[in-house]
Every structure is written in structure tokens, then in C-alpha cells.
Amino acid sequence: MATAAAQTTSRSLHWLGVACGIAAGAWLGAAEAPTKLVTAGFSPFIISLGMVAGVFVARWTVPVALKGTGYIWLDLVEKKHLVVWAILAGMLWAVANTLTVFAIRNVGLSIAFPLWNTNSLVGLLWGWLLFNELRSSGRKQWLLVLGGAAAIVTGACVLAAAAPHQAAAGPRGAATLGILAALGAGLLWGTMYIPYRKAYISGMNPLSFVTVFTFGELATVSALAIAFGGGFHQVAADLAKARPVMIWLFLGGFCWVLGDLFQQYAAKYIGIGRGIPLSNTNQLWGLAWGALVFGELSGLTAGAQTRIIAGSLVMIAGAVAISFAEAPETEHDERRQAMLRESRRYGMNLERMEASMQGEDVLAQSNPKRSLWEYLVAAAAIALFVWLAVGAQSAPIHADPLWMAVLIVATLVLLFVCGYLLWRRTRFS
């Protein structure tokens, strides 16, 4: 009876992780749409800095709204050794995000998206090597994961071959640099998932992790902008120049936080080897935004368009195959060995760690009441968005309003449906 109950719990968490991965794909795809502003002449560093500033605001307000500052503080104090890992993850994210802006400028959103989504291969390797993912799994799981990985690589190669057709009118070598930037972002993002998994097998709440994560990303992007963007005064002048469209970058950052939170929960409940490829369905949403809203494919030959679509579909099929490789009990035993290693290394309670991985909120009983500070944080965030909205101008890029509305509605539906499932099953633990 206990075994049947354990299997039911494992299966429910698996499909919860799948739902979170799907929602993550939609919101991560929507978040990259504002980076098209780079094609309007804005510096990639300013685009990245503006977006990360929006991320910083959202990553403070969303966790506060869902759990409260007292809860976040208790979680961080209990697992303070993970703070440095969260900051490191934020730094890796910041560099990768800046590279994506260069990639979009040189090869476009439709092509750059699938290329940097090779991060799933990197994450798969680290998950197997460091956290025992896929260890002691059956042949079916290995075939699904390895077959999916091969499909992702194949799709990336097809898209890379199509890139010169889109960027032929640009500077010599621009397409190559764009491809390298996208692949570099994938490498960094894939490595970033090491701190993710390390935090979650230790029982840390994703909301706590991203709160600290944001300090590393904002500091790193600011340093990159100042170092490579002409110094502090030039960056300040560029930010002032971008002021009329800064609201769109902040909204992009806010969308990214929602997508990243879903991705974090997917990584927690089904692992980085499965959760990250599933969240990489954002390539489908990126293709939709690039092709339907921004008309990126309109100038390409029929052959190039076919390669881009075929490459994206192959990569999506690979991600889906990986996501359906549900972990058997033997693999869960291997994961528990990784948890045991962490508990011994840092003197943590193994039972509480396991309870957290099963969707239980181990801090619920000790969570303090909400304070006035939390309402002040929410008010400040709202005031900032209102200030940016006042005097904002339409983004100086062509966009189809009908398709934009369709995609926005679809992402909102996924937000509420998957958010409700996550709350009902785990109370955002």
C-alpha cells in the first residue's frame, strides 16, 4: 500500500513538473520579445540592463506576494550555504542573457532561440554527473533522453545552416558571431542549472533561491554594461535615451521571472535533465513571436523557412521525448543518495529535505505573519511600473497586434492554470 501511494505521489509530481515546464516555455518565450529593440539601434548592454532591472523588481515582488519576506528569510537562514550558489547562478544567467541580445541582433529571434536551447544538453550532462539523474534508470528512459538529446543537436544544426540566409545582408561574419553568442549562452545557462539542482535537493524553496539569484545577475549586468558600454556616464546617457521604451524591457523582465519560476519548479520536481528540455519549448513560442508578430521569416526563401520550421520541430520533439522519461523508483533511490551526500556535507536534516522534494512545505508552521515592509515593496514596484508607463512610446519596431494579442492571451491562460495546479499540490513549496 505504501509503495502504491509512493508511486502515485511520484507520478503526480512528475506531471506537475511537466505542467510547470510547459508554462515556463510560454513565459520565457514571451520575455525575449522586447529584446527585438536591439534592431532599433539600442545597445545590447542597455537592452540587457533594462531587462535585468525589470527582473530584479519582479524577483523581489513575486516571492513576497506568494510567501512573504519572513518565509523567505527563514528559508535562507536554514540553508545559508546555498546563498553563494544562488549568486553564482545569477552571474551566469546575466552573462548568458547579454549574449542572447547579440545573437538576436545578428541572426534573429526565430533562429537564436533554438540554438541557445542547447543548454538542455549541458544540463542533462551535469544532472547525470553530479546529481545521479538517470542513474539506475531503465532502457526506455535512456532511449527517450538520449534520443531527445540527439534530436535537439540535429535541430540546432539545421537552424544554424539556415542562419546565413537571414543574415546575408548584414556585416561579414555577423551570422557566425550570432550563432556563437547563442551557443555560448546555452553553455552558460546549462551550467547555471548546477546551483538550481543543488539548492532543490537540499530543500530550498525556489522563491527563496530566485530572491538571492537576482543580486548576482543585476550586479553582473551592470558591470558588463559599464565595462563594455563606454563607462558609467555613457551608460547613464544610453539609459536616458532608452527611457521611452524602458517599460517594454521591464515587462520583458517580469515575464522572464514568471517563466523562470515555473522552470525552477520543473527542475525541482522532475530534475534538470528532464525539466530544462521541457521548458525549452520556449523555442516554439520564440518562433511564434519572431515569425507571426515580428515577421522575421518573411524575407527568407522558401527553403530557408522550411529548414527553420523543421529544425524547430525536431528540437521540440526531442524535448518532449526527454520530458516523458518518467523517473522509476530505482532512479529516485539514486537521487536520495545525492541528497544524503548534501545532508552530510552541510549538516542538514535528510527527512526535511525529502519532504520538501515530495511537495511538502516544511516551513509552513513557522512562517511569521506578513509585515508592513511587504506592502511597501509591492507599492514601490507598482509605482515604478506606473512611472515608466507615463510618457512611454510604442516600440520602434513593426509588430502584428492581432497575433500579439493571441499569444498574450495564451500565456496568461497557462499562467493561471499551471499556477493553480502548483498552489493546489504544493502551496508553492
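Among LEU76, ALA237, PRO328, flag the residue with its Cα farthest along the positive direction of the charge dipole of the chain, charges on Cβ as +1 for Lys/Arg and -1 for Asp/Glu. Of LEU76, ALA237, PRO328, it is LEU76.
Take each peptide in 414-425, 184-195, count the other Cβ atoms within 10 Å of every residue, and average; sorted highest first, the result is 184-195, 414-425.
Legend: residue pairs LYS79/LYS140; LYS67/LYS198; LYS67/LYS268, Cα-Cα distance threshold 26 Å; pairs beyond threshold, LYS79/LYS140.
Counting only residues at least eight positions apart within a chain, or on another chain, the aspartates and glutamates with an alpha carbon under 17 Å from that of LYS80 are GLU342.
With R₀ fixed at 30 Å, the C-beta to C-beta distance from THR176 to THR154 puts the FRET efficiency at about 0.90. Of the residues TRP285, ASN97, TYR200, the one whose Cα sits farthest towards the positive end of the charge dipole of region 9-426 is TYR200 (charges of +1 on Lys and Arg Cβ, -1 on Asp and Glu Cβ, taken about the Cα centre).
Go through 51-60, 273-282, 144-153 and give me the packing order, highest mean Cβ count within 10 Å leading. Please report the intermediate quantities before stating the final value.
Working: 51-60: 25.1, 273-282: 30.0, 144-153: 20.4.
Those peptides, ordered most packed to least, come out 273-282, 51-60, 144-153.
Along the axis of the charge dipole computed for region 9-426 (Cβ charges of +1 for Lys and Arg, -1 for Asp and Glu, origin at the Cα centre), the listed residues LEU88, MET246, MET348 are led at the positive end by MET348.
Membrane-span-like helices in the chain: DSSP H runs reaching 18 Å or more (Cα, own axis), mean Kyte hydropathy at least 0.0?
Numbers: long enough: 2-31 (43 Å, 0.74); 44-66 (32 Å, 1.72); 83-107 (36 Å, 1.60); 139-167 (42 Å, 0.97); 174-200 (39 Å, 0.85); 206-228 (32 Å, 1.64); 246-270 (36 Å, 0.99); 302-323 (31 Å, 1.43); 329-346 (26 Å, -2.33); 372-389 (26 Å, 1.95); 401-426 (37 Å, 1.66).
Counting only whole DSSP H runs, the qualifying helices are 2-31, 44-66, 83-107, 139-167, 174-200, 206-228, 246-270, 302-323, 372-389, 401-426.
For the chain, go through all pairs of different Cα atoms, get the mean of 1/r, take its inverse, and jot down that Kirkwood value in Å. Kindly include the intermediate steps, with their values, before the conclusion.
Values: mean 1/r = 0.0459 Å⁻¹.
In the chain this quantity evaluates to 21.8 Å.
Reported value for region 324-429: 225 Å³ per residue, from the convex hull of its C-alpha atoms. Of ARG139, ARG427, the sequence from fewest to most neighbouring Cβ atoms within 10 angstrom is ARG139, ARG427.
Based on the Kirkwood approach, the hydrodynamic radius assigned to region 127-284 is 18.7 Å, with every pair of different Cα atoms included. Computed over region 290-333, the quotient of the alpha carbon radius of gyration and 2.2 N^0.38 Å is 1.84. Remark on region 259-394: hydrodynamic radius 19.7 angstrom, per the Kirkwood mean of 1/r across alpha carbon pairs.
Computed on the Cα atoms alone, the convex hull of region 257-301 gives a volume of 71 cubic angstrom per residue. Per residue, the Cα convex hull of region 222-329 amounts to 153 Å³.
For the chain, what does the relative contact order come out to in percent, with C-alpha contacts under 8 Å and a separation of six or more?
Reported as a whole number, the value is 35 percent.
The Kirkwood radius of region 40-145, taken over pairs of alpha-carbon atoms, gives through the Stokes-Einstein law at 4 °C and 1.567 mPa s a diffusion coefficient of 75 µm² s⁻¹. As a rough footprinting exposure proxy, the listed residues THR154, THR306 were ranked by other beta carbons within 10 Å of their own, and the order from fewest upward is THR306, THR154.
The calculated 222 nm mean residue ellipticity attributable to helices in the chain amounts to -26000 deg cm²/dmol, summing -39500 (n - 2.57) over DSSP H runs of n ≥ 4 and dividing by all residues.
Distance between the modelled labels on TRP387 and ALA236, one decimal in nanometres: 1.6 nm (7 Å Cα→Cβ projection). Taking a sphere under 12 Å around the Cβ of ASP75 and counting the other residues whose Cβ falls inside, with K and R at +1 and D and E at -1, yields a net charge of +2.
With Cα atoms as the point set, region 79-123 shows a radius of gyration and Dmax of 13.5, 42 Å.
Here, each number is a calculation from the coordinates, and none is a lab measurement. Note that the coordinates shown come from a computational prediction; the quantities given were computed from them, not determined experimentally. Ideal geometry is used to build each Cβ from the backbone, glycine not excepted, and the neighbour counts take in all protein chains shown.
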